[in-house]
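A short write-up of the structure that comes next.
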Amino acid sequence: MRRDPFDNILAVLVTAGAFMPLARADVHSMPHPPPGQVATTESLQREASAAKQAAVNAIDRRAADLAGLSDRIWAYAEIALREHRSAAALADYAEQQGFRVQRGVAGLPTAFTATFGEGRPVIGVMGEYDALPGLSQQALPEKAPLVEGAAGHGCGHNLFGAASLGAAIAIKEQIAAGRLKGTVVFFGTPAEEDIGGKTYMVRDGLFRDVDAVLAWHPADETQADMTSSQAMVDLAVEFRGKAAHAAYDPWNARSAVDALELFTHGVNLMREHVRPTSRMHYTIVAGGEVPNVVAEYSKAWLWLRDWKRAEVDDLLARVRRLAEGAATMTETVATVTVQGGNWETLVNEAGARLLHSNLLWLGPAVYTEQEQAFARQVQRATGVAETGMFAGVKPLEGQQAEGGSTDVADVSWVVPTLHVSVATSPLGAPWHAWPVVASGGMSIGHKGLQRAAKVMAATMVDLYEQPEALAAVQSEFKAKKGDTVYVPYIPEGPPPLPKD
Ligand SMILES: [Zn+2]
């Protein structure tokens, strides 16, 4: 998912120390909250429990293993639903660590769960590992494909999967040592960039017995996320007419391309009459073969987005009418097929506050001069401000929602979901682009991986050790969800797996 740079001025302030977290000594001297009081950011900055410190140490101890896993997945660069080696690398490692691994869940050969422990609470953590087509890139600060035209990790999901598994393993060790009680589940969630593997995993009930789940995302800055993501629906619009010679007997033809043109014209005129928050984008998938055959088939592929699913549903109804209208005008037949989609994220602010307090407890990222030089070179090459890596933590207040959708959002409607973004790529450099691949394949990415694993593990420890913190997360979830019944956009039937 894409996360735009937030605010360069703020970023500079944070980097310069204006929002520097408390030194550890200060944290240790902070008073405990009065009994019965719900934990606050301040109260959670009290000294780390033995389990929390041990969990963070476990991630440090496995730094080389986790970086190695990430680098393997980075090199495999497998796109949605083809992440066979990437999923196996993570699942095998989890199995070696003593997790009970179930592969191929929800009808997705590259989805899996890895479970350790028993009883409640059940805390989950999600990991992604799919790459993006066409973004192959070496770990260099200039555009330089590894394999011309091949896929690359332009969204940093190689780091995402490895860090989340690292957090799960850190918790597993604490359960095994008797320092924590309950169950930890790692969800290996494929195909975020295409069909949204998590929506199928939600539909199959894999999150049903989970008390809370965490996820992170690589980004160009670090924050516990207080903002939502956009709801979206993915649909195909097809027109079927009649073919004939375009000059010899065009009166026998009914053009599917005419219908497609009228349809897209309608979509574009409608732009003025939708909310400013609505986004509609499309590609032409089929538009005829040669000019002298009137096309009998055409197809457009659209994504409709807004910040609320109800608005997206409204857009979808209007686009259906546009398709019918275009078909009527051209005496063709329109077919509209919803292929998938995501709801907007149900933000859990109590969870974000826990994550934030642990980000502060962990302290800022520390980059070497070579890493900062690498980042500035990437920024120079992409024409953005040469500020280097974002090392601090953005405040919870004043975060601005950014465009983009994710299948994490679908999970957030069935289980309280805590989400954090961690810097893995130079501030402001383009996302879903070569800089993310480059920095995700070297030490800048590895540092982000470590930080993400640690902040999630530390927050998971809080959820196990502080029943009041988990209760606050859950009661906010229940209050915000209300009586809404989550129904995924995905169609009935198995996921659309690749045929080959
Ligand atoms: Zn992503």
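The values are calculated or read from the model by the stated rules, or taken from the named source; none is laboratory data. Predicted, not measured: the structure shown is a model, and the values here were computed from it. Note that each Cβ is placed from the backbone with ideal geometry, even for glycine, and that neighbours are counted across all protein chains shown. When the accessible area is computed, the model is the full protein with side chains, heavy atoms only, and any ligands, DNA or RNA have been set aside. Shrake-Rupley method; radii C 1.70, N 1.55, O 1.52, S 1.80 Å.
Roughly to the nearest percent, how much of the accessible area of segment 248-331 is carbon and sulfur, given a 1.4 Å probe? Kindly include the intermediate steps, with their values, before the conclusion.
On the way: 2710 of 5010 Å².
Of all accessible area on segment 248-331, carbon and sulfur atoms account for 54 percent.
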Completion exercise
Low-density loop chymotrypsin sites (Phe, Trp or Tyr not before Pro), segment 417-496, at most 16 other Cβ within 10 Å, DSSP non-H/G/I/E/B, are TYR486
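Tell me, what is the per residue accessible area of the chain in Å², probe radius 1.4 Å? Present the calculation step by step, with values, prior to reporting the outcome.
Numbers: 19890 Å² over 500 residues.
About 40 Å² of surface per residue is accessible.
Can you check what the net charge comes to around ARG120, using other residues whose Cβ is under 10 Å from the Cβ of ARG120 (Lys, Arg +1; Asp, Glu -1)? Intermediate results must be reported in sequence, preceding the final value.
Working: positive: LYS181; negative: GLU118, ASP209, ASP211.
Value of the local net charge: -2.
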Exercise for the section: Grab the DSSP H runs of the chain that are 4 residues or longer, score each as -39,500 (n - 2.57), total them, divide by all residues and round the 222 nm result to the nearest 500 deg cm²/dmol. Expected result: -12000 deg cm²/dmol
Practice task
Calculate what fraction, in whole %, of the accessible area of segment 364-500 sits on carbon and sulfur atoms when a 1.4 Å probe is rolled over the protein chains.
Solution key: 57 percent
Practice task
Could you pull out the chymotrypsin sites (Phe, Trp or Tyr not before Pro) across segment 204-250 that fall in loop regions by DSSP (anything but H, G, I, E, B) with no more than 15 other Cβ atoms inside 10 Å?
Solution key: TYR248
Problem - Cα gyration tensor, segment 58-213 - rounded (a/c under 1.5), prolate or oblate - result: oblate
Exercise for the section: Only Cα pairs under 8 Å and at least 6 apart count here; give the relative contact order of the chain as a rounded whole percent. Expected result: 24 percent
Handout entry: Relative contact order computed over segment 126-218 (Cα-Cα under 8 Å; 6+ residues apart), in percent
Key = 34 percent
Problem - segment 113-207: GluC sites (Glu not before Pro) in DSSP coil with no more than 14 other Cβ atoms inside 10 Å - result: GLU118, GLU142, GLU148
Exercise for the section: Measure off, as a whole percent, the carbon and sulfur share of the 1.4 Å-probe accessible area of segment 53-184, all protein chains present. Expected result: 51 percent
Fill in the blank from the handout: For segment 364-500, shape from the Cα gyration tensor axes a ≥ b ≥ c, cut at a/c of 1.5 then a/b versus b/c, turns out oblate
Fill in the blank from the handout: Where a ≥ b ≥ c are root eigenvalues of the Cα gyration tensor, a/c under 1.5 meaning rounded, otherwise prolate if a/b exceeds b/c and oblate otherwise, segment 310-376 counts as oblate
